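Participant: Would you mind keeping the following structure in view while I ask a few things?
A short reminder: the numbers here are calculations on the coordinates, not readings from a lab. The shown structure was predicted, so the numbers you read here are calculated from the model rather than taken from an experiment. Using ideal geometry, Cβ is built from the backbone for each residue, glycine included, and neighbour counts are taken over all protein chains shown.
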Amino acid sequence: MNTHWKVDAAEPLDEALRDAILDKIDEGSLALSDLKDYFTVFTQICNVTEDIQDEVEKFDRTFLFRISGKPSARLIMKGCKFESDSAESADADIVLDMSVELTIGILSGRMDPTAAYMSGDLKVDGLINDAIRFRTILELVLEELE
């Protein structure tokens, strides 16, 4: 995985990259090395999907995905626009702390973030309601990928 990357709100949806990520999710082969591509597609889908835009209206937050022993990623929501980056800065409203396996499981929809939180595998620093809102956004993105 590249250590420094950024996806800004103006990038159009890359259909080929979307299809490649969907294939990896379907095959169960999504890996940490796909994180940049995953967040690229995630960000692009969020920026073009009306249901997601409605979900984040007046919800300006930054999520930090702190992955055990690996580079972190950020998802930034501001003014109904999404950006993501390699989290060179730790500025975040909500920090989601988890293992590599849990990260891939949650992002691919194979693991339930609520169950992971309840078991202590997913640690949340910030408002739990904001983390729940992220789960809703993730579910909408996964629906769009299908």
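Participant: What share of the DSSP beta bridges in the range 1-141 is antiparallel, in percent to the nearest 5?
Facilitator: Around 75 percent of the beta bridges assigned by DSSP in the range 1-141 are antiparallel ones.
Participant: Right, here's the next one. Of the candidates Glu27, Glu101, Glu83, which one comes out as most mobile in a Gaussian network treatment of the chain with C-alpha springs shorter than 10 Å?
Facilitator: Per the Cα network of the chain with a 10 Å cutoff, Glu27 tops the list.
Participant: Sticking with this structure for a sec: Mind jotting down a quarter of the surface of the convex hull over the alpha carbons of the chain, in square nanometres, one decimal?
Facilitator: 7.7 nm²
Participant: Here is a further query. Treat the count of other C-beta atoms within 10 Å as a stand-in for reagent exposure and order Lys78, Lys6 from fewest to most.
Facilitator: Lowest to highest Cβ neighbour count: Lys78, Lys6.
Participant: Going through the cross-link list Lys6/Lys78; Lys70/Lys123; Lys24/Lys81; Lys24/Lys58, which pairs have a Cα-Cα distance over 22 Å in this structure?
Facilitator: Beyond 22 Å: Lys24/Lys81; Lys24/Lys58.
Participant: Could you tell me the calculated FRET efficiency between Ser99 and Asp26, based on Cβ-Cβ distance and R0 = 25 angstrom, to the nearest 0.05?
Facilitator: For Ser99 and Asp26, the calculated efficiency is 0.65.
Participant: Hey, quick one: spin label on Lys58, modelled 7 Å out along Cα-Cβ, who in the range 74-101 has an amide N within reach, i.e. under 14 Å?
Facilitator: Only 79-80 pass the distance filter.
Participant: Suppose a student asked you for the relative contact order of the chain, using Cα pairs under 8 Å spaced at least 6 residues apart; what percent would you report? Show your work: numbers first, answer last.
Facilitator: Details: 221 pairs, mean separation 33.8, N = 146.
Over the chain, the number comes to 23 percent.
Participant: Could you tell me the calculated FRET efficiency between Ala115 and Lys81, based on Cβ-Cβ distance and R0 = 22 angstrom, to the nearest 0.05?
Facilitator: Once the sixth-power term is evaluated, E becomes 0.10.
Participant: Run the simple label-point estimate for Asp8 and Lys70 please: 7 Å along Cα→C-beta, distance reported in nm.
Facilitator: If labels sit at Asp8 and Lys70, their model points lie 2.7 nm apart.
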